[in-house]
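A.B. asks: Structure in structure tokens, see below.
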Amino acid sequence: MAASRKRLALHWWILIAMIAGVLAGLAVVGIAGESGAEFVATWIKPIGTIFLNLLRMIAVPLVLFSLVAGVASLNDTSKLSRIGGKTIGLYLATTAIAIAIGLVLVNVIRPGSRLEPETREAMRSSLVERFGAQATAKVSAANAVDIGQQIVDIVPQNPFAALAQTEMLQIVFFALLLGIGLTRLGQKGAHVASVFETLSDAIIEMVHLIMRIAPLGVFALLCSVVADLGKDSSQLGDLLAALLVYMLTVVAGLAAHLVLVYSVLLKFVAKVPFRSFLRALAPAQLLAFSSSSSAATLPLTIDCVEKNVGVHEEVSSFVLPLGATINMDGTGLYQGVAAVFIATIYGIPLTFGDQLMIVITASLASIGTAAVPGVGLVMLTIVLQQIHVPAEGIALILGVDRPLDMARTVLNVTGDATVATVVAASEGSLDRDALTSGGDTATGSE
Ligand code: ASP
């Protein structure tokens, strides 16, 4: 691990690879058009998929091993329930605030409202024509989701099936109980807990190995996203300009939440310098952007938050997997903005009550959103149905969803890391030296 040579930190390599990926994607599609996009899909995309699969491969064992070890090290179940209460409270509060920020911005900026009624009508019919079939498929996928059943399903019938199917909440539930069981066994349990601790350390080592090919992986991911986007945006034609204000509203909302909520929580509650925190989390944020998946990013989020920010495993191993599954501030915020934008284009006025309904349903919808690309859009249809806006209206924003998905996933991951840091600070489980020593130990300077 000891660095004898001074090397560029990993996040810089990832950033360079991302830019190279975007340029390569643009060049291939610009020069070879449709066949260039096909080339990227056949030869480059699989490299990105292999990289993400490597991370997905270790996410389940990492959560199981580190959570069991983390809980067993607590020796005190009252601390566990305190951590649980603070975490859930912060997750719910930050998500509701995120949606409120999105709603305030979209009501001030009102994207789409300056368009003439005829232009709106033309926009609606042409986008519904182009993306209508995809939209209908997504609406029926969302209608199949049963939030009540999801709550019942937190308790697994078979923990091995939960592990096999990556049911993260079920895994968290089982690991918590197993950790408590081991604690109750005293010395006998401590032996097994230390085995889990060693296994968890071994998986973190695997994260470091996998991250060595991260630049290659993100290059491939970005190159294929750009090649795909090229196709979609050519379908959008001149409507892209009309959609730009909507996109900028979402991005402004995400940035506002980062600055107004996370920086304040970190600075004033956790007493952690915001900039150092961002530097420590940068590799995970860049990966979240490249992959659009908080679930695939989870192993790296855990690594950055533990090694670079200094959050102890007893907090991070519980707060982060839970957050990756249920805490999606970026998704909630985006759903609020998108719902109002779609209602505007349909000419449907929204009352204050409707907007309140958006806060409630978007909070639930973001909790129910799976941490993989594009699901926030699927769950948006539930929000639309609640405020009586046609769910097929998602066709309006489908063509520009991917870049917004990338951006909101960054906020989702940052939100989880922020809450983990705040909870750790309040529990005395934060090693403050990790941040001041410059961070990035685990992710690049070896
Ligand atoms: N891609 C997001 C995530 O994984 C979820 C979404 O908003 O679609 O965090």
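A.B. asks: Ordering Arg402, Arg212 from largest to smallest accessible area (1.4 angstrom probe), what's the sequence? Before the final figure, lay out each step's value.
C.D. replies: Values: Arg402 75, Arg212 155 Å².
Order by accessible area, largest first: Arg212, Arg402.
A.B. asks: Here is a further query. How many nm is it between the label spots at Trp43 and Ala202, if each spot is 7 Å from the Cα in line with the beta carbon?
C.D. replies: 3.9
A.B. asks: Could you sort 199-210, 216-227 so that the peptide with the highest average Cβ count within 10 Å comes first and the rest follow in order?
C.D. replies: Output ranking for 199-210, 216-227: 216-227, 199-210.
A.B. asks: Here's a follow-up. Just the accessible area per residue of the chain, please: how many Å² with a 1.4 Å probe?
C.D. replies: 42
A.B. asks: Report, in degrees rounded to the nearest 10, the 0 to 90 angle that the Cα long axis of helix 329-345 makes with the longest principal axis of the chain.
C.D. replies: Once rounded, one gets 10 degrees.
A.B. asks: Of the candidates Ala284, Ala190, Ala425, which one comes out as most mobile in a Gaussian network treatment of the chain with C-alpha springs shorter than 10 Å?
C.D. replies: Checking each option, the largest mean-square fluctuation is seen for Ala190.
A.B. asks: Now, a different point. Let me have the relative contact order for the chain, percent, based on Cα pairs under 8 Å that are six or more residues apart.
C.D. replies: 32
A.B. asks: Separate question: Roughly how many nanometres apart are two label points built 7 Å out from the Cα toward the Cβ at Leu115 and Leu244?
C.D. replies: 1.5
A.B. asks: Can you spot the aspartates and glutamates whose alpha carbon is less than 13 Å from Lys45's alpha carbon? Ignore those fewer than 8 places along the same chain.
C.D. replies: Hits, sequence-local ones excluded: Asp228.
A.B. asks: While we're here: Sorting check: for 77-87, 255-265, which peptide has the highest mean count of neighbouring beta carbons within 10 Å, and how do the rest follow?
C.D. replies: Per-residue Cβ counts within 10 Å, averaged per peptide and sorted highest first, yield 255-265, 77-87.
A.B. asks: Could you check the spin-label model distance between Ala32 and His191? Points 7 Å from the Cα along Cα→Cβ, value in nm.
C.D. replies: Going by the 7 Å Cα→Cβ label model, 6.0 nm.
A.B. asks: Name the residue, out of Asp146, Asp303, Asp354, whose mean-square fluctuation peaks in a Gaussian network model built on the chain with Cα pairs under 10 Å.
C.D. replies: Asp146
A.B. asks: Moving on to the next point. Which order, highest average first, do 368-376, 35-43 follow once you tally other Cβ atoms within 10 Å for each residue and take the mean per peptide?
C.D. replies: Put in order of decreasing packing, that is 368-376, 35-43.
A.B. asks: If all Cα-Cα distances of the chain are sorted into 20 Å bins from 0 onward, what percent lands in each bin, rounded to whole numbers?
C.D. replies: 25, 57, 17, 1
A.B. asks: Determine the share of the chain's accessible area contributed by carbon and sulfur atoms, expressed in whole percent, with a 1.4 angstrom probe.
C.D. replies: With neighbouring chains kept in place, the figure for the chain is 67 percent.
A.B. asks: In nm, what is the difference between 0.36 nm times the number of residues separating Ala137 and Asn53 and their Cα-Cα distance?
C.D. replies: The Ala137-Asn53 span can extend by a further 27.7 nm.
A.B. asks: Anything over 23 Å Cα to Cα? Flag those among Lys267/Lys307; Lys86/Lys271; Lys86/Lys188, in the order listed.
C.D. replies: Lys86/Lys188
A.B. asks: Compare Ala175, Ala282, Ala144 in a GNM of the chain, Cα atoms joined below 10 Å, and give the one with the largest fluctuation.
C.D. replies: Fluctuation is largest for Ala144.
The values are calculated or read from the model by the stated rules, or taken from the named source; none is laboratory data. Since the model is a prediction, treat every value here as computed from it, not as a measurement. Note that we place each Cβ from the backbone using ideal geometry, even for glycine, and neighbour counts take in every protein chain shown. These accessible areas exclude ligands, DNA and RNA; they are computed on the full protein's heavy atoms, side chains included. Shrake-Rupley method; radii C 1.70, N 1.55, O 1.52, S 1.80 Å.
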